[in-house]
Structures are given as structure tokens and as C-alpha cells.
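The values are calculated or read from the model by the stated rules, or taken from the named source; none is laboratory data. All figures in this text were calculated on a predicted structure; none of them were measured in a lab. Every residue, glycine among them, receives a Cβ derived from its backbone with ideal geometry; neighbour counts consider all protein chains shown. Surface accessibility is based on the protein's heavy atoms, side chains included, excluding ligands, DNA and RNA. Shrake-Rupley method; radii C 1.70, N 1.55, O 1.52, S 1.80 Å.
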Amino acid sequence: MKEKSIIKNPLTIIALFSGFAEACGAVVLPFIDIANQSIYVWFLIAFPSTLLIAFFLTLNFNSKVLYAPSDFENEDNYLKTQKFDNLEQSSKQVSISEKDRVNELENLYGNLFNELNLLKESIVQNPNQQLILKSLCKFIVANFQSSIKFKLLMRNLGYEFEIFSGITGENQQITQYRFEDNEGIWLGSEIPFGISIEVLKQAFSFYPHLKYIHLSNDISGMKHQGIHSQIVIGGSSKTAIERYRLLPLTDENKKSILESKSDRELHDRIRANYQSN
């Protein structure tokens with residue numbers, strides 16, 4: 001005959017444990033001092049009561065743990081029950097509130113934004129990366145009397161400026177620009193912050209007559225994308241006043257612009273000198 005184990009499931013273990021504990025307690029009782037017997041009797045009363053309460057709580061909230069696979073006619077049903085329980089637990093873990101999801105997304109994008117800022121700072125501080133950024137930008141200076149000197153100065157700083165010379169008339173004569181007619185700076189909105197500040201600083205120092213700045217992305221209807229990655233020194237004063245409606249920069253305005261700490265701050269301080277409509 002096939003041997004069968006007496007202990008089949010957790011219920012059997014609980015029953016044997018509680019019965020054995022009560023039997024041992026009853027046997028030990030006569031050997032305890034009379035002074036301590038009353039305390040021991042209360043223990044024998046409280047112990048099975050506590051065990052019974054724990055049993056019914058388990059039966060009510062997690063009855064699956066009280067049965068063994070052999071208690072099922074088909075043990076596959078036991079596996080299905082456990083899988084369903086695991087699935088239910090997983091669904092509870094996944095079903096977090098919308099607020100928690102929003103917080104998680106904010107933290108995620110916040111970390112990405114910080115990483116991008118750190119990457120941007122590392123690029124600006126790396127001389128090799130600076131050369132790459134400068135090569136992606138275009139730098140133009142009007143053909144003033146001293147433009148060649150300015151071009152050489154900026155070349156020493158790693159900026160390769162082109163000298164813009166308008167060619168007019170049948171003789172194809174090169175136009176020499178006058179300071180009083182070309183006091184503007186056209187700043188590309190996609191120029192990296194560090195490059196913008198350095199070029200503006202050198203331009204203001206070399207050409208004190210410059211007193212207008214305009215951002216490329218503030219030009220309505222402009223479809224030429226290259227304008228956003230170039231800096232033009234010596235833009236038309238007439239265009240600055242009549243078309244862009246710019247206010248002349250004071251020395252304090254220039255100082256404030258050069259003390260900007262970020263792209264947004266730089267652009268905001270430049271736009272502060274636009275005439276209000």
C-alpha cells in the first residue's frame with residue numbers, strides 16, 4: 001500500500017501545533033508553583049484564543065496559504081490560484097495614482113534637463129568642443145575702415161569673421177560703410193550663450209558706436225534658417241530704427257547685457273530695448 005503522510009497541508013500543521021501546545025500546557029500545570037498557576041492558566045486561555053483569531057484572519061484575507069496542492073483534485077487549479085494572486089498583486093502595484101505618475105514624469109524630465117545643462121556646460125568649457133560650435137556659426141562684420149584689424153583680433157580668439165562688402169554700380173566698386181549708418185548687431189537666436197557674450201563683448205569694445213541689437217527669431221516672416229546661427233556686426237541703423245523699432249543702447253544697457261548668466265536672460269535684456277507697440 002502506498003504510504004500517506006499525516007501532514008498534508010498548513011491546516012494540519014496548525015492543528016498539531018495548537019493541540020500539542022495545549023496538551024503540554026495541561027501536563028506542566030500541576031508542576032508549577034501555586035503562586036504562578038493563576039498566571040499560567042490565563043496564558044493557556046489566551047494562547048488558543050489568539051491562535052484562533054489569527055487563524056480566522058488568515059482564512060479571511062489570505063486563505064490560499066492554508067491549502068496544499070494535494071487538497072485540489074487537479075493541482076493545476078492550485079497553480080492557477082497562485083498565479084491569479086500574483087497577477088492581482090502586480091496590478092495593485094501598477095495601479096498608482098495619476099498624481100504619482102505626474103511626479104515621476106516631472107522627476108524624469110527634470111533629471112534629463114539637468115543632464116542636458118551639464119552636457120551643455122561641459123561642451124562650452126571644452127576647447128575642442130568650442131571650436132566645433134564656432135565652426136557651425138557664421139560671423140560677419142561690415143566693411144568698416146578698421147574691419148581687417150577686428151577680423152584679425154577675432155581670429156586670435158578662434159572666430160573667423162567675413163567682411164561684408166556691398167558691390168554696387170557698373171564699376172563694381174566695394175562699398176565702405178560708415179559708422180553712423182551701421183550701428184546695429186543682428187544676433188542669431190541659436191548662437192550658444194558663451195559665444196554670444198564673447199563676441200558682443202569684443203564688438204562693443206572695438207566698435208563703441210554700436211548701439212542696437214536685434215534677435216533673429218524676432219523677425220516675422222523670416223524663412224531663412226541660416227540667419228539664426230550667424231552674428232552680423234554693423235547692421236543698418238535705418239533698419240534697426242524703422243523696421244525693428246529698436247531703442248539705442250546706453251553704456252548701462254550694454255553692461256547689463258554682458259552680465260547675463262543664461263540665454264534667456266541675455267535675450268530678455270536685449271528685448272528690453274525694443275520699442276513697445
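General remarks:
- Checked against the criterion of being buried (at least 17 other Cβ atoms within 10 Å of the Cβ), among the polar types (S, T, N, Q), at pLDDT below 90 and not in a loop (DSSP other than H, G, I, E, B), segment 128-145 contains one or more residues that satisfy it.
- Among (1) more than 23 Å from Asp181 (Cβ to Cβ); (2) charged (D, E, K, R); (3) without any contact (Cβ under 8 Å) to a residue 60 or more places away in the chain; (4) open to solvent by less than 50 Å² (accessible area, probe 1.4 Å), the one test that Lys254 misses: (1)
- There is at least one residue in segment 264-273 that is β-branched (Val, Ile, Thr), open to solvent by less than 30 Å² (accessible area, probe 1.4 Å), touching a helix residue (DSSP H, G or I) at 6+ places or on another chain (Cβ under 9 Å) and modelled with pLDDT of 90 or more.
Conditions tested, residue by residue: (1) at pLDDT below 90; (2) not in a helix (DSSP H, G or I).
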| site | (1), (2) |
| --- | --- |
| Phe150 | no, no |
| Arg155 | no, no |
| Tyr159 | no, yes |
| Ile163 | no, yes |
| Glu170 | yes, yes |
| His209 | no, yes |
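- In the set (1) in a helix (DSSP H, G or I); (2) open to solvent by less than 10 Å² (accessible area, probe 1.4 Å), the condition left unmet by Asn217 is number (2).
- In the set (1) on the phi > 0 side of the Ramachandran plot; (2) in contact with a Cys (Cβ under 7 Å, 6 or more places away or on another chain), Gln230 fails one condition alone, (1).
- Boolean, Tyr212 is over 28 Å from Ile132 (Cβ atoms) and crowded, with 20+ Cβ neighbours inside 10 Å: yes
- Ile257 vs. criteria under 36 Å from the mean Cα position of the chain (by Cα) and among the β-branched types (Val, Ile, Thr): yes
- In segment 234-241, the count of residues that are of a type outside the set (Gly, Ala, Ser), without any contact (Cβ under 8 Å) to a residue 40 or more places away in the chain and surrounded by 12 or more Cβ atoms within 10 Å (Cβ to Cβ) is one or more.
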